[in-house]
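Participant: Provided herewith is a single structure, encoded as structure tokens, for subsequent inquiry.
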Amino acid sequence: MGKAKVLRIVMLGPPGAGKGTQALLLAKAHSIPHISTGEMFRGAIRDGTELGQKVKAILDSGMLVPDEVVVAMVRGRLAQADCSDGFLFDGYPRTVKQAEVLDSLLRELTQDLTHIVDLKVPESVLLERIRKRGEGRADDSMEVAAKRLKEYWEKTAPVSRYYVDTGTRLIVVDGLGTVEEVQRRIEDAVVGSGKLS
Ligand code: AMP
């Protein structure tokens, strides 16, 4: 068997689409670091760092952290040694600005994204999932979930278009079904996309 091709994957999709679960599975299957900016922020909050203090109220509200803050964090993470053989970004980029910065960061490193996976779930299904999860919970958790979805449509959905416009092929995957079904679709799309030949 030849040497496995380096995978540099971005996973896109709305909150509630199961993106985090699928991102973890895909990263694990290919032994590449799973980089979740949301997880990095939650870690900083848990550790009580300066960054954590800065972003806590923003995460609690369901809004997005300002681009400069996210970008500085991602720049540091990409410079770490474990990213040299590939990575999977989960929850980044979340704005067109972040996508532009990621492109220039990768250009500096003479690297390219190999796959952009866009997990699609209809908005009606997402709203229903939010409603179900909200049952028995405080109203504000519903409000935060709705806010996160609104931020997604306004600021993150245009990122897919950015990649299409800049000539990066988007792999659109149907996110409806069991975890295993969706996992299989993503795996088939990534491995069979021709980028690995
Ligand atoms: P996640 O775990 O990816 O859903 O992220 C949780 C929260 O962290 C989001 O609701 C945002 O407040 C913040 N966050 C994570 N990633 C980003 C990003 N790339 N840009 C801005 N805010 C982010």
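Participant: Taking R0 as 22 Å, what FRET efficiency do you get between Ser104 and Asp82 from their Cβ-Cβ distance, rounded to the nearest 0.05?
Facilitator: 0.55
Participant: Now for a separate question. Less than 20 Å apart at the alpha-carbon level, and either on another chain or at least 8 residues along: which lysines does that give for Lys120?
Facilitator: Reachable lysines: Lys19, Lys132, Lys147, Lys150, Lys155.
Participant: Can you tell me which of 43-49, 85-91, 112-118, 26-32 comes out highest on packing, and rank the rest after it, using the mean Cβ neighbours within 10 Å?
Facilitator: Top to bottom by mean Cβ count within 10 Å: 85-91, 112-118, 26-32, 43-49.
Participant: Hey, another quick one. Pop out the carbon and sulfur fraction of the accessible area of the chain as a percent, whole number, probe 1.4 Å.
Facilitator: About 53 percent, which is the carbon plus sulfur part of the accessible surface.
Participant: Still on this structure, please answer the following. Is the chain best put as rounded, prolate or oblate by its Cα gyration tensor, with a ≥ b ≥ c the root eigenvalues, rounded for a/c under 1.5, and otherwise prolate when a/b is larger than b/c, oblate when not?
Facilitator: The shape class here is oblate.
Participant: A further question follows. Can you bin segment 64-156 into rounded, prolate or oblate? Criterion: square roots of the alpha carbon gyration tensor eigenvalues sorted a ≥ b ≥ c, rounded for a/c under 1.5, prolate for a/b above b/c, oblate for the rest.
Facilitator: Verdict is prolate for segment 64-156.
Participant: Right, something else. For segment 7-186, what relative contact order do you get, as a whole percent, if you take Cα pairs closer than 8 Å and at least 6 residues apart?
Facilitator: That works out to 35 percent.
Participant: Another question, then. Please name whichever of Met142, Leu102, Ala157 sits farthest to the positive end of the charge dipole of segment 7-186, dipole taken about the Cα centre and charges placed at Cβ: Lys and Arg +1, Asp and Glu -1.
Facilitator: The one lying farthest along the dipole's positive direction is Met142.
Participant: Kindly provide the helix-only [θ] at 222 nm of the chain, computed as the sum of -39,500 (n - 2.57) over DSSP H runs of four or more divided by all residues, to the nearest 500 deg cm²/dmol?
Facilitator: The per-residue figure over the chain is -16500 deg cm²/dmol.
Participant: Compute the label zone of Lys5 within segment 151-172: residues whose backbone N is under 12 Å from the point 7 Å along Cα-to-Cβ.
Facilitator: What the label zone holds, given the 12 Å backbone N cut-off, is no residue at all.
Participant: Still on this structure, I have one more. How many nm is it between the label spots at Ala29 and Gln53, if each spot is 7 Å from the Cα in line with the beta carbon?
Facilitator: 4.3 nm
Participant: Near Asp60, within a Cβ-to-Cβ distance under 13 Å, what is the net charge of the other residues, with Lys and Arg +1 and Asp and Glu -1?
Facilitator: +3
Participant: How many Å² of accessible area per residue for the chain, probe 1.4 Å?
Facilitator: Averaged over the residues of the chain, the accessible area is 54 Å².
The values are calculated or read from the model by the stated rules, or taken from the named source; none is laboratory data. Everything quoted here is computed from the prediction, not taken from an experiment. Backbone-built Cβ (ideal geometry, glycine too); neighbour counts: all protein chains shown. Note: accessible area is taken over every heavy atom of the protein model, side chains too, but ligands, DNA and RNA are not part of it. Shrake-Rupley method; radii C 1.70, N 1.55, O 1.52, S 1.80 Å.
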